[in-house]
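Bear in mind that the values in this text are calculations on the coordinates, not laboratory data. Quantities reported herein were computed from a predicted structural model and do not represent experimental measurements. Glycine also receives a Cβ, built like all others from the backbone with ideal geometry; neighbour counts cover every protein chain displayed.
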Amino acid sequence: MFSIETSHFAANFTCPAYHEAASASSWDCTRCLKASPSCGFCASPQNKLLPGACLMSNDTIKDACHDQDSLWYTRGCPSRYGWLALLGLVLYILFFSPGMGTVPWIVNSEIYPLRLRGVCGGIAATANWISNLVVTQSFLSLTHAIGTSWTFLVFGVISVVALFFVLICVPETKGLPIEEIEKILEKSGLHMMFWKKRANEKNGGENDTNKEGEGDV
């Protein structure tokens with residue numbers, strides 16, 4: 001059936017990889033698109049799920065496919081299970097938004113000193129959206145360069161590294177006042193500049209108190 005649909009087009013329209021294959025009659029859309037980047041799939045005009053034609057991918061052949069009231073595919077194939085992807089996306093948003101989606105913003109509102117909370121919150125928000133931009137802009141380029149599986153593996157490894165960073169470096173802040181959280185962060189191994197500044201301020205205040213006491217004597 002696949003070969004019959006392909007034969008409806010001129011011989012020079014056929015994808016070279018399909019034309020040279022020994023078992024081309026058993027091909028489907030997926031094998032057509034994976035065979036070569038120069039291949040495109042023209043779906044059957046009766047039903048997009050039926051076998052179609054494996055043709056060269058260019059604007060002329062694309063227009064010829066559309067002239068037969070058929071759909072043209074170059075980056076994916078028609079499927080009767082496409083609604084599952086939409087359902088999965090909806091479920092992901094429903095569970096992520098009220099759950100893990102809010103956690104970074106809650107932590108950001110608790111771990112910074114009051115005097116620097118506005119500045120640090122702005123930096124964190126900027127870093128978050130820049131990261132989103134990098135992922136969005138790089139995803140398709142990575143899938144074309146190293147493939148879909150390796151792309152998800154790269155992002156998965158980054159997520160695991162981020163998980164260990166959170167487990168090791170981010171303290172538990174539930175039920176703690178801001179002063180207690182600052183003390184926890186001051187005692188941690190990673191001392192940022194604003195924590196050091198606060199420690200210096202405390203030391204300076206203690207020295208002033210001692211000097212006043214000495215003066216009274």
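List Ile184, Ile130 from most exposed to least, where exposure is judged by having the fewest other Cβ atoms within 10 Å.
Ile130, Ile184
Could you work out the mean projected area of the convex hull around the alpha carbons of the range 96-164, in square nanometres to one decimal?
5.6
For the residues Leu55, Leu49, Leu89, what sequence is obtained by ranking on other C-beta atoms within 10 Å, fewest first?
Taking fewest neighbouring Cβ atoms as first place, the list is Leu89, Leu49, Leu55.
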